[in-house]
Amino acid sequence: MIENVIGRYSLPFAVATNFRINGRDYLAPMVIEEASVVAACSNAAKLFRESGGFTASADDPIMIGQIQVLDLPDLEAAIDAIAAGKADIIAQVNARDGSIVARGGGAIDLRARALRSTAAGDMLILHLHYDVRDAMGANAINSAVEQIAPRIESITGGRVNLRILSNLSDQRMARAEGLIRCDLLARAGFSGSEVAERILEAAAFAEVDPYRAATHNKGIMNGIDALLLATGNDWRAVEAGAHAYAARDGQYTSLTKWRQDAGGNLHGEIELPLAVGIVGGATRAHPGAHTALKLLGVKSARELAQVAAAVGLAQNLGALRALATDGIQKGHMRMHARQLALAAGADENEAHAVAGQLIEEGEIRSERALAIVRERRRST
Ligand code: MEV
């Protein structure tokens, strides 16, 4: 798959449970090294499930390919020439990419944007919109923009420099929403409505503060990236798109919105660009990704995007509910204690007991874990 390989590097492959999306049940495969993510995601999905599940949707899988044109004798005339030649250019792309056109995809639009007085002077930026069907589509769109570049030069009289997709795939958005009954939100020491209120306070914080929004969105991407890694998708592409979209209005903000309805129930929604595929790239070449897609049972890239949006929303709820009540360290400490126990030489069977003792004593440190394991060895 890549160059200069010296080995393989494996990560835990888990399954997040309880997802009900558009009336269908899903098990979400997740590959991630961070403790608590899968548990939090599954617990949060259960809260949504018990209140009716997620409703999700996704746009047609339209990628944007950019062509940068410089040294134009006349920028306005170039824009007019592109508008006049647009149908022919689209036909040229689709004549070459017959198999994707036969499946309902292919180039559908060509738009022009003028960027004036940049450090490199005026430039014309063309956006080729291309429906890539069930692929992530990087190869299809990159080939298409490279193919039409010479034609663009002859039509505009300019010089083409870059020809590459945009990861801000805002023509390929996915969204999910769902409700959590107020009573289900209760946690030791907090009523459901108190938790809902505290979650709304947390959401308001992320909406206005980029420092918080970055962490809030990182939590969302914990779930989405894990699903994308499991299914062989390019999670860096989706990360880039998500964060660029979060800053679309000039201020970086939260990817989710939370509100309370008249009955006190919490309502959450998420919307983000999700350029994902179920064919091409590593999705089929990597046996783990192949298994993950089989387990998930999605029939299209759009369906995968819907699941990813729901996973992101669930992950966000899981994090906010923990942060707005007990904090996240309590859950993390259990896993941390277990890791210390294993590192101190406890075997799989005794790790639970050693971790339990560390937590009970309130001293979650490696020296204490070592001492407990030694004591256990002496007494057996
Ligand atoms: C940790 O990986 C993710 C969180 O920080 C997300 C958040 O703060 O919302 C818990």
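Just so you know, all these numbers are worked out from the coordinates, no wet-lab data involved. What you see is a predicted model, and the numbers here were worked out from it, not measured in a lab. Here the Cβ positions follow ideal geometry from the backbone for every residue, glycine too, while neighbour counts run over all protein chains shown.
If one computes the Cα centroid of the stretch 333-379 and of the stretch 208-231, what distance in Å separates the two points?
Here the answer is 31 Å between Cα centres.
Residue by residue through the stretch 132-140, what is 3J(HN,Hα) from phi via Karplus (6.51 cos²θ - 1.76 cosθ + 1.60, θ = phi - 60°)? Round to whole Hz and write x for glycine and proline.
Taking θ as phi minus 60°, the curve returns 9, 6, 8, 9, 5, x, 4, 5, 4 Hz for the stretch 132-140.
Per DSSP H run of n ≥ 4, the term is -39500 (n - 2.57); total these for the chain, divide by its residue number, and report the mean residue ellipticity at 222 nm rounded to 500 deg cm²/dmol.
-16000 deg cm²/dmol
What is the packing order of peptides 160-167, 6-13, 230-237, taking the mean over residues of other C-beta atoms within 10 Å and listing the highest first?
In descending order of packing, they fall as 230-237, 160-167, 6-13.
Sum up the charges of everything whose Cβ sits under 9 Å from the Cβ of A114, counting Lys and Arg as +1 and Asp and Glu as -1, but leave A114 out.
0
Please sort by residue number the trypsin sites (Lys or Arg not before Pro) in the stretch 274-333 whose DSSP state is loop and whose Cβ has at most 14 other Cβ atoms within 10 Å. Show your work: numbers first, answer last.
Numbers: sites: R284, K294, K299, R302, R321, K330; in loops: K299.
Counting only loop positions with at most 14 other Cβ atoms within 10 Å, the trypsin sites (Lys or Arg not before Pro) in the stretch 274-333 are K299.
Counting only other residues whose beta carbon sits under 11 Å from that of L184, what net charge do I get with K and R as +1, D and E as -1?
Result for the local shell: +3.
Per q in 0.06, 0.13 Å⁻¹, report the Debye log10 I(q)/I(0) for the chain, using one uniform scatterer on each alpha carbon and no solvent.
Here the Debye-derived log intensity ratios amount to -0.31, -1.08.
Using a simple spin-label model with points 7 Å from Cα along the Cα→Cβ vector, what separation in nm is obtained for D209 and K299?
Each label point is offset 7 Å from its Cα along the Cβ direction, giving 4.6 nm.
Long-range amide H contacts for L162: which residues qualify at under 5 Å (H placed 1.01 Å from N, peptide plane, sequence gap of 5 or more or a different chain)?
Result for L162 returns Q68.
For E303, what charge total do you get from the other residues with a beta carbon under 10 Å from its beta carbon, if Lys and Arg give +1 and Asp and Glu give -1? Please list the in-between numbers first.
On the way: positive: R24, K299, R302; negative: D134.
With Lys, Arg at +1 and Asp, Glu at -1, the neighbours total +2.
Quick one: helix 329-343 against the long Cα principal axis of the chain, what's the angle to the nearest 10°, folded into 0 to 90?
80
What angle, in degrees between 0 and 90 and rounded to the nearest 10, separates the Cα long axis of helix 348-361 from the longest principal axis of the Cα atoms of the chain?
That works out to roughly 70 degrees.
If amide H atoms are built 1.01 Å from N in the plane of the peptide, which residues on other chains or at least 5 residues away come under 5 Å of the amide H of A186?
Distant-sequence amide H within range of A186: G192.
Full extension from M335 to L162: what is 0.36 nm times the residue separation minus their Cα-Cα distance, to one decimal in nm?
So the extension gain works out to 57.6 nm.
Grab the Cα-Cα distance for S193 and I328, subtract it from 0.36 nm times how many residues apart they are, and report the gain in nm with one decimal.
46.6 nm
Please identify every one of the trypsin sites (Lys or Arg not before Pro) in the stretch 46-107 that sits in a loop by DSSP and has no more than 14 other beta carbons within 10 Å of its own beta carbon.
Sparse-neighbourhood loop trypsin sites (Lys or Arg not before Pro): R103.
Which whole-Hz couplings ³J(HN,Hα) result when phi for each residue of the stretch 164-177 is put into the Karplus expression 6.51 cos²θ - 1.76 cosθ + 1.60, θ = phi - 60°, listed in order with x for Gly and Pro?
7, 5, 9, 7, 7, 7, 7, 8, 10, 8, 10, 9, 9, 9
List every residue whose amide H lies under 5 Å from the amide H of D109, counting only residues 5 or more places away in sequence or on a different chain, with H placed 1.01 Å from N in the peptide plane.
Close amide H contacts, sequence-distant or interchain: H129.
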